[in-house]
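Written out below as structure tokens is the structure these notes cover.
The values are calculated or read from the model by the stated rules, or taken from the named source; none is laboratory data. Here the structure is a predicted model, which means the values were calculated and not measured. Methodologically, a virtual Cβ is constructed for each residue, glycine included, from the backbone with ideal geometry; neighbour enumeration extends over all protein chains shown.
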Amino acid sequence: MARPTLAVWKLASCDGCQLSLLDLEDELLDVAGAIDIAYFLEATRHIRPGPYDLSLVEGSVTTPEALDRLQEIRRQSRHVVAIGACATAGGIQALRNLASVEEYISQVYATPAFISTLSTSTPPSAHVKIDFELRGCPVDKRQLLDVILAFLHGRRPDVPAHSVCAECRMAGQVCVTVAQGTPCMGPITHAGCGALCPRYARGCYGCFGPSNAPQPRALSALWANLGATPAETRRALRTFNTAAPAFDAEARRLEEEESP
């Protein structure tokens, strides 16, 4: 019986989420034995034409060519999973959504006419049907493995929906906000990193994007009580997941609050 086929694609991104698959190390040989890795240029020059049972898409849509490619990936794939902050929220490159791309191009490139790009950076879900989104910058390799196995076996991925705060509590870690007064994005950030930054007495940076039921306005009030200015809170929301709706809406509200 033919093995299920897996394709791994890159749009606008840094490749970190693709590398998470290669970082599986011990499990990677078992994965390669259970599926046919039909397309994965980060790992092999072997290319098998579609259709594919599962496609993993890393990166955001920033050019007309990327949009055409994404649409073709969707046509060729039974299931499509977006992996990482770029593919689920447009990535840090979505900061372009807040400015004039044309102005940047004119200042950076000697021949602006050669540049073909879109004015925004958007996640694949803004353009095609996505069957599942795995968050993170980069994604957690164990969660990525579970997502692959889930789709190959016809079940829902076992990815937690709670916040980083829950991960802290389950690990028995001291809350950096309560104990040290450190501003932390943990209350509104999706779990998956294992509360890595709080483990080292640092506030969460929000790498995994908004949790399933975030309360960013309440976080802004908490940070204000800790002495953070609206501008500082806004900058914290404008990082890896700047275009995620919950983060974006609160950042815009804070910006209006700062305006005279």
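Computed values, structure above
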| read-out | value |
| --- | --- |
| Enumeration of residues in region 19-43 that are in contact with a strand residue (DSSP E or B) (Cβ under 6 Å, 6 or more places away or on another chain) and in a loop (DSSP other than H, G, I, E, B) | I35, F40 |
| Residue that is surrounded by the fewest Cβ atoms within 10 Å (Cβ to Cβ) [pool: residues in region 218-260 that are in contact with an Asp or Glu (Cβ under 7 Å, 6 or more places away or on another chain) and closer than 26 Å to Q180 by Cα] | A231 |
| Some residue of region 77-85 being farther than 27 Å from C193 by Cβ, at pLDDT 95 or above and buried (at least 17 other Cβ atoms within 10 Å of the Cβ) | yes |
| Long-range neighbours under 8 Å by Cβ, at least six apart or interchain, first residue modelled with pLDDT of 90 or more within region 141-154, second surrounded by fewer than 19 Cβ atoms within 10 Å (Cβ to Cβ) and assigned to a helix (DSSP H, G or I) | L145/E27; L145/V31; I148/V31 |
| Looking only at region 107-140, and only at residues there that are more than 14 Å from E58 (Cβ to Cβ) and polar (S, T, N, Q), the one that is modelled with the highest pLDDT | T122 |
| Neighbours by Cβ (under 8 Å, 6+ apart or cross-chain): first from region 5-24, closer than 15 Å to R135 by Cβ; second of a type in the set (D, E, K, R) and part of a helix (DSSP H, G or I) | S20/K141 |
| So F132, is it within 30 Å of L67 (Cα to Cα) and either assigned by TED's automatic domain parsing to the domain that holds R253 or touching a Leu at 6+ places or on another chain (Cβ under 6 Å) (or both) | no |
| Residue count for region 47-68, restricted to those that are touching a residue at least 40 places away in the same chain (Cβ under 8 Å), farther than 26 Å from G154 by Cα and either outside any strand (DSSP E or B) or aromatic (F, W, Y) (or both) | 6 |
| Identity of the residue in region 192-217, surrounded by fewer than 19 Cβ atoms within 10 Å (Cβ to Cβ) and hydrophobic (A, V, I, L, M, F, W, C), that ends up nearest to E167 (Cα to Cα) | L196 |
| Count of region 121-155 residues which are farther than 22 Å from T242 by Cα, buried (at least 20 other Cβ atoms within 10 Å of the Cβ) and touching a Phe, Trp or Tyr at 6+ places or on another chain (Cβ under 8 Å) | 2 |
| Hits in region 166-189 (condition: within 9 Å of G203 (Cα to Cα) and β-branched (V, I, T)) | V176, T177, T182 |
| Check on A94, modelled with pLDDT of 95 or more, outside any helix (DSSP H, G or I) and either out of contact with any helix residue (DSSP H, G or I) (no Cβ under 6 Å at 6 or more places or on another chain) or assigned by TED's automatic domain parsing to the domain that holds L118 (or both) | no |
| Residues (in contact with a Phe, Trp or Tyr (Cβ under 7 Å, 6 or more places away or on another chain) and surrounded by fewer than 24 Cβ atoms within 10 Å (Cβ to Cβ)) located in region 173-191 | P183 |
